[in-house]
Amino acid sequence: MSTDQTSTIQISQSAHQGGQAGKPSETREHWYLEPDGALRARVSNLKFWYADGTQAIDDVSMPLVDKKVTALIGPSGCGKSTFLRCFNRMHDLYQGVKYSGSINLLPEDENLIDLDANIVRMRVGMVFQKPNPFPKSIYENVIAGLKIRGIRKREVLDEIVETSLRQAALWDEVKDRLHQPALSMSGGQQQRLCIARALAVKPEILLLDEPTSALDPIATAKVEDLINELSGNVTVLIVTHNMQQAARISNYTAYMYLGKLIEYNDTNDLFQRPKCQRTEDYITGRFG
Amino acid sequence: MNTMSTNIQSGIDYASISRKNRSWDIIFASLGIVVLFIAISTLLALFLDLAIRGAPQWTNPDFYTSFPSRKPLEAGILSAWVGTIMVMLVTAIVAVPLGVAAGLYMEEYADKNWFTDVIEINVSNLAGVPSIVYGLLALGLFVQTFGMGETVLVAGLVLALMILPIVIVSTRESIRAIPIELREAAYGLGANQWQTMAMYMLPAAKPGIITGAIVGLSRAIGETAPIITIGALSYIAFLPPSPIGGDFPFISFEWLNSGFTVMPIQMFGWVSRPQADFQITAAAAGAVLIVMTLAMNGLAIYIRYRARKS
Amino acid sequence: MRPESSGVQVSAHFLRKRETVNQIAKYVLMAAAAISVLVTVGIVYVLVSEAVVFFEEVSVWEFISGTSWTPLFAVPTFGILPLLSGTIVVSGIALGVSIPLGLTLAVYLSEYAPDKVRETVKPILELLEGVPTVVYGYFALFLVTPLLQIVFPDLPGFNMLAPGLVMGIMILPYTTSLSEDAMRAVPNSIREGAYALGYSRFHTAVKVVIPAAISGITAAFILAMSRAVGETMVVAIAAGQMANFTFNPMEGAATITAFIVQVSMGDVSHGSVAYMSIFAAGLVLFLLTLTFNLIGFFLRKRYRQAY
C-alpha cells in the first residue's frame, strides 16, 4: 500500500517537473498497481534462496487476481520461473532451499509456505515448459491427479475426463482414442493434455511455466487460445519469455528483473504506458 | 606480420603430418578391433571346447535325468539342475525385493546425512567383496552360529546377499535414468513420495530393474565359491522334497532345509576327479551351465534393448 | 468459502491414510537399506571373531612373516606369505593382460567406434562377464595349459600362468567398462577444444581424454585388482592347491582363495586351528579388497564430481 502512495507522489512530481504525464520516471524504481476485484493470493515480501546460497527472489510482493491471467515477464535469469515454482513448492523437491515471506492463499488467508508441500500441490496445479505426460494412456493422464486424491469412481472419472479435455480444447481431437498412449500425440496436443490433467482437479491456481516454449507456432496459437478461454474461469499465473504472448493472453503483467519485481500493472498499461523506466527499456527492446 | 606467419606455416609439412596422424588412427582402431577379436574368440573357444568335449554326454537325454554316479559316463545332472532352480528361487525371493527396496530408499527417501553416506560406501564396497568372503560369512553365521546346515535355504541366502549390491545399483541407475520431468509431473499434481514412486517411478524403472535382477541371478547361478565354503557336496543322489503336492495345504517348505547340489558345484566336483572320462561329464555340465547363464544374460540384454527402443 | 470453480473434494481420511502408507513405506525401505549395512557388519564380525581365536593359537608375527603354509600337515605352519605370493603373481599376470587390453578397447569404444559398433560390442562384453568362473577354471586347466605346454614343454599341469592369463580375459569386460565410463564422462567440449587446435583423434585420446579421465581410469585398475585378488575358482582349479612361496608363474601355487576352497572341500573338523585359519586368511583377503574398493570408490566419486 505504502509503495502505491509513494508512486502516486512520484507521478505528481514528474508531472510537475517535465509536464509530460504518463512518461515513466527515471527515478521510479518500482510501481505496483492495486487491482480491483477479488484476489486469489497475495505474495508478501517473498524471498527465496537456492541450496548453494544464491538468492533468486528478492522481496517480491504482488497480488494474484481471482480468475484472471497474470503474466510474469523479464529477461532470462530474472527469477520469474523460480518465483512461479514457489507457488506450488516445487523447489522443496531439492534439498537445502530456503523461503522467507509469505504467499497467502485467499480467501482462507493461509500462507502456503507453511503448509504441507504435497497439500499445496493439490491446490495449486502446474504445467511445465516441456510437455511431460506420463507414459500411459490419454485417459490415465487426465485422471492421474484424481487417482492421487483417492477418487476412483468410474462415472466421476469419465465425466471429469470429458469436461477437462473439452476445457483444454482437446476433446474433439482425442475422444476416439482415449486409451491410446499419450506419447503418441503431437507435442502441442501433449501440452494441452498436461493442461487438461492440471484442470481435472480444479486447481485454485494454475501455474504455467513457459508452456509454449517447446511448441511450434500453430500449436502455440492453440494453447494461447485455450489460455484466453480459461480467463474468467481459472486463476492463471504464466511465465513467458515472449512479451507479445504476455500482451495477447494476460490481464495483468508483472515485470521482474534480477529477482526483484519492478512493475506490476494492468497488461495494457504496462505495455503502453509503463510506469518505470526499466520496464520501458525492456519492452521497447533497449534492454534484455 | 604477414611474412612472419608465412614463415611459421612454411615450416610445416602438412601432408606428412596428416599421413602420420591417419596411420596412428588406423593403427589404434585396428588394435581395438584386435582386442575385441581376442575377447570374442575366447568366448567362442570356451563354448566350443565345452560343447565338443562334452558332446557324448549333453546330447544324451539320460544326462538330464540321472543322478551323479561313480561311473563317469552314467553320471547325470538331475540333482544339480533341480538344486540350482530351488536355490535360485530363494535367491530371487530374497534379493530382488530387498535390493529394490534399498535402492528406492537411497534414491527417493534418503536425506543427505551420515547414514546415507554410510549406506552408499557400504554398497559400493559390498559389490567388490570377493564371493568367497560371503561364503565365510554364511559358514560362520548361518551354519555355525545359527546351526542351519548345508541347506537350500542357506545357499539361497548367501547368493542373495552376494547379488544384493547388483540389484541395488541397477535399481538406483534405472530410477536415476528417469527424466526429471516425470518426477516433477507427479509431484506437481500433488502426489506424495510413495504415490510418485509406486505409481510412476517404479513402472518407468521396471525394465531396468528386471534387467539388473536377471544379471544378478545369472551371476548367482554360476557362482561356486561361496557354496563350496558352506560345505555343499557334489555327490547328491536325491532330490529335495517337492514344494508342491502332498497333504493339505499342498505347499511344503521342507525343501528349504534339504541338502542339495547345484550346477557349478557339480561341474567343479567332476573337474577335480582324476579319471579322464569325468572331463567329458564336466565339459557337458559346463556347456549346460554356460547356456543357462548366457540365456539369462541374453534375456536381460534383450529386455533393456526393447525398453530403450520404446 | 472457496469460490466454486476451485477444488476437488478430497477426503481427510484418504489424506491421513496416504501419509501413513508413506511413512510405513519409508521405514520399510530404510530397513532394507540398513540390512545391506548389516551384511558388512556380519562379515567383519565373523572374520574378526574367528580370527581372534586363531591368533590365540598362532602368533601374529608367525602369520605375517612365515614363509611356510601347511595347516593340514601333521606339524602345521601358518605363514601367509606363500598364499600372498601366489595371489600377487596370478593377479599380476591377470592385470598385465587386462589393463593394456582393457584400456585399448575402452579408448577404441569411447573415441573411435561408431555408435552401432559400441551398441553391439557392449552386450558381447557383458556375455563374457556372465560366464561362470568355474567354466573359466576348466578352460584354463584343460585348454590353455595344454596349449602353453606346446610352447613351454616343462610347464607343469598346475601353474599360475594359465589361470593368470584366463583371469585377465575374464576381468577384461570389467576393466573396459569402468575405463570407458571414465572416458565418456569427459565432456565433449574438451575434445572439441583439442580438435580445434588440429589434434588428431589419436592425440586427442592419448594427450587429452586419458589425462582428463585419469582418476577414473586409475579407479578402474584398482577395482580390477580387487576383482583379481578375490577371484577363486579359476585358481582353485588350475593353479593347484599347494602353498608355494614363489614368484615364478611357471610353478603351481595356492592363492588365499584357493586355500579356503581346499579346506572347505576337505573334512577338517570345525573348531580346529586349520579350520580357523580360513577365517584369518579370509580376513586378509577382505582387508585387501576393502582397501582397493575404498580407493576405487573415492577416485570414482572424484571424477564424477569433476564433470
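The values are calculated or read from the model by the stated rules, or taken from the named source; none is laboratory data. These numbers were taken from a predicted model, which means no experiment stands behind them. When we count neighbours, we look across all protein chains shown, and the Cβ atoms used for this are built from the backbone with ideal geometry, even at glycine. What goes into the accessible areas is simple: the full protein's heavy atoms, side chains included, and nothing from ligands, DNA or RNA. Shrake-Rupley method; radii C 1.70, N 1.55, O 1.52, S 1.80 Å.
Tallying residues that are assigned to a helix (DSSP H, G or I) and within 11 Å of another protein chain (Cβ to nearest Cβ) within region B:173-195 yields 12. Could you please give the count of residues in region B:138-148 that are part of a helix (DSSP H, G or I) and more than 21 Å from the chain's Cα centre (by Cα)? The qualifying residues number 7. Within region A:66-81, does at least one residue satisfy the condition of being part of a helix (DSSP H, G or I) and within 24 Å of A:D114 (Cα to Cα)? For region A:66-81, residues part of a helix (DSSP H, G or I) and within 24 Å of A:D114 (Cα to Cα): present. Screening C:I217 on (1) open to solvent by less than 10 Å² (accessible area, probe 1.4 Å); (2) within 12 Å of chain B (Cβ to nearest Cβ); (3) assigned to a helix (DSSP H, G or I); (4) in contact (Cβ under 8 Å) with a residue 60 or more places away in the chain shows it passes everything except condition (2). Go through the residues of region B:237-245 one by one and say whether even a single one is within 16 Å of B:E150 (Cα to Cα), touching a Pro at 6+ places or on another chain (Cβ under 7 Å) and modelled with pLDDT under 75. Yes, region B:237-245 contains at least one residue that is within 16 Å of B:E150 (Cα to Cα), touching a Pro at 6+ places or on another chain (Cβ under 7 Å) and modelled with pLDDT under 75. Across region A:77-123, the qualifying residues are those that are small (G, A, S) and more than 23 Å from B:D111 (Cβ to Cβ), and the one among them that is farthest from the other protein chains (Cβ to nearest Cβ) is A:G101. Are any residues in region C:237-257 closer than 18 Å to C:T67 by Cβ and part of a helix (DSSP H, G or I), and if so, which ones? Passing the criteria: only C:I256. Pick from C:V46, C:V53, C:V41, C:V28: which is touching a residue at least 40 places away in the same chain (Cβ under 8 Å), open to solvent by 20 Å² or more (accessible area, probe 1.4 Å), farther than 29 Å from C:F247 by Cα and part of a helix (DSSP H, G or I)? Exactly one residue qualifies, and that residue is C:V53. A:K130 fulfils the conditions (1) more than 30 Å from A:Q244 (Cβ to Cβ); (2) among the basic types (K, R); (3) within 13 Å of chain B (Cβ to nearest Cβ); (4) surrounded by fewer than 22 Cβ atoms within 10 Å (Cβ to Cβ) except for a single criterion, (1). The residue that is farthest from the chain's Cα centre (by Cα), counting only those in region A:121-139 that are assigned to a helix (DSSP H, G or I) and not aliphatic (A, V, I, L, M), is A:Y139. Which one is least open to solvent (accessible area, probe 1.4 Å), of the residues in region A:83-97 that are in contact with a Lys or Arg (Cβ under 9 Å, 6 or more places away or on another chain) and not in a helix (DSSP H, G or I)? Within region A:83-97, the match that is least open to solvent (accessible area, probe 1.4 Å) is A:N88.
Remark: pairs (first residue in region B:272-301, closer than 15 Å to B:L46 by Cβ and more than 10 Å from chain C (Cβ to nearest Cβ); second residue in a helix (DSSP H, G or I) and open to solvent by less than 10 Å² (accessible area, probe 1.4 Å); Cβ separation under 8 Å; 6+ apart in sequence or on different chains) = B:A284/B:L50; B:A284/B:Q57; B:A284/B:F63; B:V288/B:M263. In the set C:L178, C:L165, C:L143, only one residue is assigned to a helix (DSSP H, G or I) and more than 20 Å from C:G240 (Cβ to Cβ); that residue is C:L178.
Restricting C:N188, C:N244 to those that are surrounded by fewer than 23 Cβ atoms within 10 Å (Cβ to Cβ) and free of Cβ contacts under 8 Å to residues at least 12 places away in the same chain reduces the list to C:N188.
Pairing each residue of region C:262-286 that is closer than 18 Å to C:V52 by Cβ with any residue that is open to solvent by 40 Å² or more (accessible area, probe 1.4 Å) and not in a helix (DSSP H, G or I), provided the two are 6+ apart or on different chains, yields C-beta distances under 6 Å for C:A274/C:L72.
Between C:A224, C:A238, the distinction of being in the same structural domain as C:I99 (by TED's automatic domain parsing), in contact with a Ser or Thr (Cβ under 6 Å, 6 or more places away or on another chain), buried (at least 23 other Cβ atoms within 10 Å of the Cβ) and within 27 Å of C:V131 (Cα to Cα) belongs to C:A224 only.
The residue list C:Y138, C:Y108 contains one member that is of a type in the set (F, W, Y), touching a residue at least 60 places away in the same chain (Cβ under 8 Å) and either assigned by TED's automatic domain parsing to the domain that holds C:A253 or part of a helix (DSSP H, G or I) (or both), which is C:Y138. Scan region C:196-206 for residues that are in contact with a helix residue (DSSP H, G or I) (Cβ under 6 Å, 6 or more places away or on another chain) and open to solvent by 60 Å² or more (accessible area, probe 1.4 Å) and jot them down. If the condition is that a residue be in contact with a helix residue (DSSP H, G or I) (Cβ under 6 Å, 6 or more places away or on another chain) and open to solvent by 60 Å² or more (accessible area, probe 1.4 Å), then C:R201 is the only one that fits.
Evaluated against (1) buried (at least 23 other Cβ atoms within 10 Å of the Cβ); (2) at the interface with chain B (Cβ under 10 Å from one of its Cβ atoms); (3) among the β-branched types (V, I, T), C:V117 falls short on exactly one condition, (1).
Results for (1) under 23 Å from C:Y174 (Cα atoms); (2) outside the structural domain of B:G83 (by TED's automatic domain parsing); (3) assigned to a helix (DSSP H, G or I); (4) open to solvent by less than 20 Å² (accessible area, probe 1.4 Å), shown as yes or no for each residue.
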{"site": "B:I132", "(1), (2), (3), (4)": "yes, no, yes, yes"}
{"site": "B:E150", "(1), (2), (3), (4)": "no, no, no, no"}
{"site": "B:L164", "(1), (2), (3), (4)": "yes, no, yes, yes"}
{"site": "B:P203", "(1), (2), (3), (4)": "no, no, yes, no"}
{"site": "B:I210", "(1), (2), (3), (4)": "yes, no, yes, no"}
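I'd like to check something: does region B:184-200 contain any residue that is modelled with pLDDT of 90 or more and under 22 Å from the mean Cα position of the chain (by Cα)? Within region B:184-200, not a single residue is modelled with pLDDT of 90 or more and under 22 Å from the mean Cα position of the chain (by Cα). You will find that of B:F63, B:F28, the residue that is touching a helix residue (DSSP H, G or I) at 6+ places or on another chain (Cβ under 6 Å) and away from chain C (no Cβ under 12 Å) is B:F63 and no other.
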